[in-house]
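Peer 1: Supplied in structure tokens, the structure appears directly below.
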Amino acid sequence: MQYNNLLDRATEVLTMNDRGSYTQPAHGLYPHQWLWDSCFAAIGIRNINIARAQTELLSLLRGQWHNGMFPNIIFRSDSQYRTDRNIWRSWLNPFAPSNVTTTGITQPPVLAEAVVKIGEKLDWPERRTWYRSMWPALLAYHEWLYHERDPHKEGLTLQIHPWETGLDNTPPWINEMHMHQLPFWITAVKATHFDMVINLFRRDTHSVPIDQRFSTIEALTLFDMQRRLRRKSYEINKILDHSLLTIEDLSFNYILVRANTHLRQIAKSLHEALPKELLTSMKRTEKALEELYDDYTKQYYSRDFITHRLLKIPTVATLLPLYAGSISKERAAILVKYLEDEQMFGSAYPAPSVPINSDWFHPKLYWQGPTWVNINWLIIDGLKRYGYHEHAAALTESTLEMVAKSGFYEYFDPLNGEGAGAANFSWTAALVIDLLS
Ligand code: GLC
């Protein structure tokens, strides 16, 4: 199929959201700099303006904490966003940077992927300089991930809030939240239907229909969880002492495996030796991930950090081990079957964020059904590396067709390809550019 103007239209969206040194995900709804959004933006922008793509990643460095963490959001300093900054109060933690305000949590580590993808477009001397400029920050980030988020040295990193997975309201997390995290005051709001009143004050539902976002009860619970983290000043020991919700998330950890592979490659190019302890942890991860496989249902799942119980609610994270590249060919073949299966992920416009046959499935509800372009990009990359070129081409085609007919939406109905969520969304535009290239 010919995609007339798609490249030009995608470029326009990126220009519209360009804030000089970084790209905001969408005007109005997402005005700040988000971590994995900037990485996906850079992956697309590298095809049209390599220097701008580099700036996109370099601008993330200003938000890095002194302990190595990259926060999921760096807030704008305009006075109209005082409330956003105040909700988080990153200044409560001594490791937070002093010249910008951020959140106190991270997002999936796709940074190494973006660094390498930009590197692929540069000749050797330029690539070396580029890698050098990102190396200390990248190394510190991966060391932080293990040091702070793998306290028992199991090989899997734990996440402390669903927003850290990037799949904000993904069912396994929401289910755990409902079971264990509803404080009495939210239960009271639920019982009295006061959530209808609170709905009126939500910023996200001003620009997006409410049935495409999480419920107000869920939103309140997410904010309550965030407040509890803030009360612990985002210090992991205090968080673990108070047994707040901690999950070894499937998608986060599989993305980490791929990031580790890239980190090794960058280190090799720079003739840098990775610290021994980090290398040991990285090796442990690939093995530990196999513990997330359930033989009976033949799927991978996220796991509760404390009890090691698998959270057996299938989501699109099931397919991300393909992207990691660490699983056997046999297991990859099983995942490809799920992608083909019309009852699971083989919808008209795949890959739905929750399988079609799940009780959780809702075609337009955020991470509980819709198709997302960034997830497709990761799956396509994995399919290619496992040799499934036809599947990769088919998923590329359906993704481009969906965006061409509906526009650069945040997410899409997997049954008919209709756009939903924010319009003119940056990573949709950026990754379309990358898929077209
Ligand atoms: C939503 C998404 C998250 C993304 C953010 C900004 O919260 O769930 O993954 O980073 O929007 O686009």
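Peer 1: Got a number for residues in segment 276-300 being more than 30 Å from Pro314 (Cβ to Cβ) and either open to solvent by 20 Å² or more (accessible area, probe 1.4 Å) or touching a Cys at 6+ places or on another chain (Cβ under 6 Å) (or both)? Steps first, answer last, please.
Peer 2: Step one: of segment 276-300, the residues more than 30 Å from Pro314 (Cβ to Cβ) are 276-280.
Narrowing the set further to residues that are either open to solvent by 20 Å² or more (accessible area, probe 1.4 Å) or touching a Cys at 6+ places or on another chain (Cβ under 6 Å) (or both) leaves 276-277, 279-280.
Counting residues in segment 276-300 that are more than 30 Å from Pro314 (Cβ to Cβ) and either open to solvent by 20 Å² or more (accessible area, probe 1.4 Å) or touching a Cys at 6+ places or on another chain (Cβ under 6 Å) (or both) gives 4.
Peer 1: I'd like the full set of residues that are among the hydrophobic types (A, V, I, L, M, F, W, C), surrounded by fewer than 24 Cβ atoms within 10 Å (Cβ to Cβ) and outside any loop (DSSP other than H, G, I, E, B), limited to segment 101-117.
Peer 2: Looking only at segment 101-117, we keep the residues that are among the hydrophobic types (A, V, I, L, M, F, W, C), and these are 105, 110-112, 114-116.
Then drop every residue that is not surrounded by fewer than 24 Cβ atoms within 10 Å (Cβ to Cβ), which leaves 105, 116.
The one that is among the hydrophobic types (A, V, I, L, M, F, W, C), surrounded by fewer than 24 Cβ atoms within 10 Å (Cβ to Cβ) and outside any loop (DSSP other than H, G, I, E, B): Val116.
Peer 1: Residues to consider are Thr170, Thr157, Thr83; find the one that is among the β-branched types (Val, Ile, Thr) and open to solvent by 40 Å² or more (accessible area, probe 1.4 Å).
Peer 2: Thr83
Peer 1: Quick one: Met344 ticks every box in (1) at positive phi; (2) in contact with a helix residue (DSSP H, G or I) (Cβ under 7 Å, 6 or more places away or on another chain); (3) not hydroxyl-bearing (Ser, Thr, Tyr) bar one, so which box is it?
Peer 2: (1)
Peer 1: Another question, then. Specify the residue that is nearest to Leu122 (Cα to Cα); the eligible residues are those in segment 49-76 that are small (Gly, Ala, Ser) and part of a loop (DSSP other than H, G, I, E, B). Give the steps one after another, and end with the answer.
Peer 2: Filtering segment 49-76 down to residues small (Gly, Ala, Ser) leaves 51, 53, 59, 63, 68.
Still in the list and also part of a loop (DSSP other than H, G, I, E, B): 59, 68.
On the way: Ser59: 19, Gly68: 27 Å.
Ranking the qualifying residues of segment 49-76, first place goes to Ser59.
Peer 1: Among Ala259, Ala273, which is the only one that is crowded, with 19+ Cβ neighbours inside 10 Å and either in contact (Cβ under 8 Å) with a residue 24 or more places away in the chain or closer than 22 Å to Glu143 by Cα (or both)? Lay out the reasoning, then the answer.
Peer 2: Working: Ala273 fails: crowded, with 19+ Cβ neighbours inside 10 Å.
On inspection, the qualifying residue turns out to be Ala259.
Peer 1: OK, next. Whether any residue in segment 46-53 is within 16 Å of the ligand (Cβ to nearest atom) and buried (at least 24 other Cβ atoms within 10 Å of the Cβ) is what I want to check.
Peer 2: Within segment 46-53, the first condition is being within 16 Å of the ligand (Cβ to nearest atom), and the residues that meet it are none.
For segment 46-53, residues within 16 Å of the ligand (Cβ to nearest atom) and buried (at least 24 other Cβ atoms within 10 Å of the Cβ): absent.
Peer 1: So, one more: Taking only pairs six or more apart or across chains, which ones have beta-carbon atoms under 8 Å, a first residue in segment 153-182 that is over 22 Å from Gly421 (Cα atoms) and assigned to a helix (DSSP H, G or I), and a second residue that is more than 16 Å from the ligand (Cβ to nearest atom) and acidic (Asp, Glu)?
Peer 2: Going by the 8 Å Cβ cut-off, the qualifying pairs are Glu176/Asp304.
Peer 1: Further question: If only one of Pro321, Pro370 is within 16 Å of the ligand (Cβ to nearest atom), in contact with a strand residue (DSSP E or B) (Cβ under 7 Å, 6 or more places away or on another chain) and not hydroxyl-bearing (Ser, Thr, Tyr), which one is it? Outline the logic, then answer.
Peer 2: Numbers: Pro321 fails: within 16 Å of the ligand (Cβ to nearest atom).
Selected residue: Pro370, the only one of Pro321, Pro370 that is within 16 Å of the ligand (Cβ to nearest atom), in contact with a strand residue (DSSP E or B) (Cβ under 7 Å, 6 or more places away or on another chain) and not hydroxyl-bearing (Ser, Thr, Tyr).
Peer 1: Please go through segment 118-146 and pick out each residue that is part of a helix (DSSP H, G or I), surrounded by fewer than 21 Cβ atoms within 10 Å (Cβ to Cβ) and aliphatic (A, V, I, L, M).
Peer 2: Ala137, Leu139, Ala140
Peer 1: Moving to a separate point now. Would you confirm, using the coordinates I've provided, whether Ser98 is open to solvent by less than 10 Å² (accessible area, probe 1.4 Å) and either modelled with pLDDT under 95 or away from the ligand (no atom under 16 Å from the Cβ) (or both)? Before the answer, list the steps.
Peer 2: Values: open to solvent by less than 10 Å² (accessible area, probe 1.4 Å): no; either modelled with pLDDT under 95 or away from the ligand (no atom under 16 Å from the Cβ) (or both): yes.
No, not satisfied.
Peer 1: Select from segment 404-432 the residues that are surrounded by 23 or more Cβ atoms within 10 Å (Cβ to Cβ) and more than 16 Å from the ligand (Cβ to nearest atom) and list them in ascending order.
Peer 2: If the condition is that a residue be surrounded by 23 or more Cβ atoms within 10 Å (Cβ to Cβ) and more than 16 Å from the ligand (Cβ to nearest atom), then Asp413, Pro414 are the ones that fit.
Peer 1: Looking at Arg231, Arg203, Arg227 in this structure, which one is more than 30 Å from Ile327 (Cα to Cα), surrounded by fewer than 22 Cβ atoms within 10 Å (Cβ to Cβ) and at pLDDT 95 or above?
Peer 2: Arg231
Peer 1: Any residue that is more than 25 Å from Ile247 (Cβ to Cβ) and open to solvent by 10 Å² or more (accessible area, probe 1.4 Å) - is there at least one of those in segment 305-323?
Peer 2: The first filter runs over segment 305-323 and keeps only residues more than 25 Å from Ile247 (Cβ to Cβ), leaving none.
The answer is no; no qualifying residue exists.
Peer 1: Residue check: is Ala394 within 16 Å of the ligand (Cβ to nearest atom), surrounded by fewer than 21 Cβ atoms within 10 Å (Cβ to Cβ) and not aromatic (Phe, Trp, Tyr)? Write out each step before concluding.
Peer 2: Values: within 16 Å of the ligand (Cβ to nearest atom): no; surrounded by fewer than 21 Cβ atoms within 10 Å (Cβ to Cβ): yes; not aromatic (Phe, Trp, Tyr): yes.
Against the criterion (within 16 Å of the ligand (Cβ to nearest atom), surrounded by fewer than 21 Cβ atoms within 10 Å (Cβ to Cβ) and not aromatic (Phe, Trp, Tyr)), Ala394 does not qualify.
Peer 1: Tally time: how many residues in segment 1-45 are within 16 Å of the ligand (Cβ to nearest atom) and modelled with pLDDT under 95?
Peer 2: 2
Residues checked against (1) over 26 Å from Tyr409 (Cβ atoms); (2) not β-branched (Val, Ile, Thr):
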| residue | (1), (2) |
| --- | --- |
| Leu310 | yes, yes |
| Pro321 | yes, yes |
| Ile327 | yes, no |
| Glu330 | yes, yes |
| Lys337 | yes, yes |
| Ser353 | no, yes |
| Asn357 | no, yes |
| Pro370 | no, yes |
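Peer 1: Still on this structure, please answer the following. Can you name every residue in segment 349-365 that is open to solvent by less than 10 Å² (accessible area, probe 1.4 Å) and of a type outside the set (Gly, Ala, Ser)? Spell out how you get there, then give the answer.
Peer 2: Restricting attention to segment 349-365, the residues satisfying the condition of being open to solvent by less than 10 Å² (accessible area, probe 1.4 Å) are 351-355.
Residues satisfying the conditions are Pro352, Val354, Pro355.
Peer 1: Please report, ordered by residue number, the helices (runs of 4 or more DSSP H) entirely within segment 186-295 with at least 3 residues that are among the basic types (Lys, Arg).
Peer 2: Values: elements: 195-199, 204-207, 216-231, 236-241, 250-269, 276-289.
Filter on segment 186-295 gives 216-231, 250-269, 276-289.
Peer 1: Scan segment 320-365 for residues that are part of a loop (DSSP other than H, G, I, E, B), within 30 Å of Glu218 (Cβ to Cβ) and among the aliphatic types (A, V, I, L, M) and report the count. Walk me through how you get there before you give the answer.
Peer 2: Keep residues of segment 320-365 that are part of a loop (DSSP other than H, G, I, E, B), which gives 320, 325-328, 341-351, 353-365.
Imposing the further condition that a residue be within 30 Å of Glu218 (Cβ to Cβ) reduces the set to 320, 341-351, 353-365.
Those left that are additionally among the aliphatic types (A, V, I, L, M): 320, 344, 348, 351, 354, 356, 365.
Total satisfying the criteria: 7.
Peer 1: Still on this structure, I have one more. Just the residues that are among the basic types (Lys, Arg) and free of Cβ contacts under 8 Å to residues at least 40 places away in the same chain, please, taken from segment 360-385.
Peer 2: Of segment 360-385, the ones among the basic types (Lys, Arg) are 364, 384-385.
Answer for segment 360-385, where residues must be among the basic types (Lys, Arg) and free of Cβ contacts under 8 Å to residues at least 40 places away in the same chain: just Lys384.
The values are calculated or read from the model by the stated rules, or taken from the named source; none is laboratory data. None of the values given here were measured: they were computed from a predicted structure. Positions of Cβ are backbone-derived with ideal geometry, glycine not excepted, and every protein chain shown enters the neighbour counts. Protein only, heavy atoms only, side chains kept; ligands, DNA and RNA dropped before computing areas. Shrake-Rupley method; radii C 1.70, N 1.55, O 1.52, S 1.80 Å.
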